[in-house]
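Here's the structure, in structure tokens; my notes come after.
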Amino acid sequence: MRVARGIAVESQESTENQGGSVAIRGALLDCVGDPFYQPAAQAVRYVADGLLLVRDGQIEARGAYADLATRVGDRPLVDHSGQLIVPGFIDTHIHYPQTGMMAAYGEQLLEWLDRYTFPTERKFADPAYARSVAELFLDELLKNGTTTALVFAAVFPASVDAFFEAAEARHLRMISGKVMMDCNAPDYLSDTAQASYDDSKALIEKWHGRGRLLYAVTPRFAGTSTETQLKLAAKLLDEFPDVYLHTHLSENVNEVAWIKSLFPQYDGYLDVYDQTGLVRERSLFAHGVQLTDAEFQRLSEAKAAISFCPTSNLFLGSGLFRLEQAKHPDHPVKLGLGTDVGAGTSFSILQTTNEAYKVAQLRGQKLSAFKALFLATLGGARALCLEDQLGSFEPGKEADFVVLDPQATPLLALRNAGGIPETLEDLEDLLFSLVILGCDRAVVATYIMGEQLYSSNVERP
């Protein structure tokens, strides 16, 4: 077994022997519905002593160990008894080129972009540098239990190649795309409307649907794209209907005012995207902190999605996301969680749920442990239109999952001294302790297509 930064990579021989087929014993927890709208007993499944059967990288069965033990057959049986097994975490908004600039001090969005982000992204013109960061970035995701992410690359096509090559080597379900910027950006990061269309189209044809990789058309935000570029982005969506649209929306008060000054002919920030053809079912907009009620309703109508990025919104002082509006029963919007590294302050979805809970509290709302789990798993899959493939333990879905230790730290061990509870009701308190106190140290193992790609038990060099 080769080890790098705590990532366990099986040798070719052992991988062929295992073949993505395994039996995993432990406490199984997943969502089958949305606990924002259903009682937890209907939306959440829990088996205290469960068995997850994986065959050829897909979920074959899940249930009580006592019921399924006879079906293990020739599969290796891995015992995670006393630990919690959940679907892999889904990060719906993150920037891999910004890995090296996390914790850049003291600005709000627009100033932060000019001072820190753009100079950092310039380095990704070098393919070797891009590859080195992509490797570290994906290792960090796996260490934190994130198995799928919607990822900004940089403006340079080679930065997309570097990311997808690293993701393909790990057999990951990842979505990414080349940033499109043809105005209000440094010359060294600017493309043109036509060049961004041509480059993006070539990257789609090269990478979209290759293995588990998917492409997102990625204008950075309306402030760095001309109307022509936005319309050509929409043309790509017309030509390739199963690719994604990934951009930013209504993050910061000053940003919203600036977009209004740039596009006075449109009725607000979302309308810029709407009238240029970018508000669709496979469109995901990061942040949405400053959205109006009417804009929430329009996103619901279009079946578009929002990525809620609490650590970033707090770090840049952007504001408090209106969770209650996004999940309003009269106009529900698909919603996932985003770490938004590097404005975000952690790769950990658990740390992100911690801050999401606090944002909700400050708005007089409640984010339960089960609602947080939903946003991190099945909710994220729905936001990415991947609920048929990811987000729960339904048979036939891809076997990406995470093993969590409720006693991973001395504090968690004290907090959860009683061990794994028997009932869903008792589990909620334990899960909430992980939502608030959990981080990468709570992640025991991360499995991709049934194969363990990360283990906290592997000695780091």
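The values are calculated or read from the model by the stated rules, or taken from the named source; none is laboratory data. From a predicted model like this one, the values you see are computed outputs, not experimental measurements. Positions of Cβ are backbone-derived with ideal geometry, glycine not excepted, and every protein chain shown enters the neighbour counts.
Per-structure values
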read-out: Residue that is nearest to the chain's Cα centre (by Cα) [pool: residues in segment 61-118 that are more than 23 Å from Leu350 (Cβ to Cβ) and of a type in the set (Lys, Arg)]; value: Arg115
read-out: Odd one out for Ala134 among (1) within 25 Å of Gly380 (Cα to Cα); (2) in contact (Cβ under 8 Å) with a residue 60 or more places away in the chain; (3) out of contact with any strand residue (DSSP E or B) (no Cβ under 8 Å at 6 or more places or on another chain); (4) small (Gly, Ala, Ser); value: (2)
read-out: 3 or more residues at pLDDT 95 or above and over 16 Å from Ala134 (Cα atoms): qualifying strands (runs of 3 or more DSSP E) within segment 156-262; value: 213-219, 244-249
read-out: Candidates Gln275, Gln351, Gln297 - the one that is modelled with pLDDT of 95 or more and either outside the structural domain of Thr224 (by TED's automatic domain parsing) or farther than 23 Å from Pro35 by Cβ (or both); value: Gln275
read-out: Residue in segment 391-400 that is under 30 Å from Ala326 (Cβ atoms), crowded, with 22+ Cβ neighbours inside 10 Å and among the acidic types (Asp, Glu) present; value: yes
read-out: Positions within segment 355-371 being surrounded by fewer than 22 Cβ atoms within 10 Å (Cβ to Cβ), basic (Lys, Arg) and assigned to a helix (DSSP H, G or I), in sequence order; value: Lys358
read-out: Leu291 being part of a loop (DSSP other than H, G, I, E, B) and assigned by TED's automatic domain parsing to the domain that holds Gly177; value: yes
read-out: Any hit, segment 251-272, residues being crowded, with 22+ Cβ neighbours inside 10 Å, among the β-branched types (Val, Ile, Thr), in contact (Cβ under 8 Å) with a residue 12 or more places away in the chain and closer than 28 Å to Gly88 by Cβ; value: no
read-out: Evaluation of Arg115 against (1) out of contact with any Phe, Trp or Tyr (no Cβ under 9 Å at 6 or more places or on another chain); (2) at pLDDT 95 or above (one fails), failing number; value: (2)
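Table: residues versus (1) buried (at least 21 other Cβ atoms within 10 Å of the Cβ); (2) within 27 Å of Ala134 (Cβ to Cβ).
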residue: Glu60; (1), (2): no, no
residue: Ile94; (1), (2): yes, yes
residue: Ala104; (1), (2): no, yes
residue: Glu111; (1), (2): no, no
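This table checks each residue for (1) without any contact (Cβ under 8 Å) to a residue 60 or more places away in the chain; (2) in contact with a strand residue (DSSP E or B) (Cβ under 8 Å, 6 or more places away or on another chain); (3) more than 23 Å from Leu142 (Cβ to Cβ).
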residue	(1), (2), (3)
Leu335	yes, yes, yes
Thr353	no, yes, no
Leu362	yes, no, yes
Lys366	yes, no, yes
Phe370	no, yes, yes
Leu373	no, yes, no
Leu378	no, yes, no
Leu386	no, yes, no
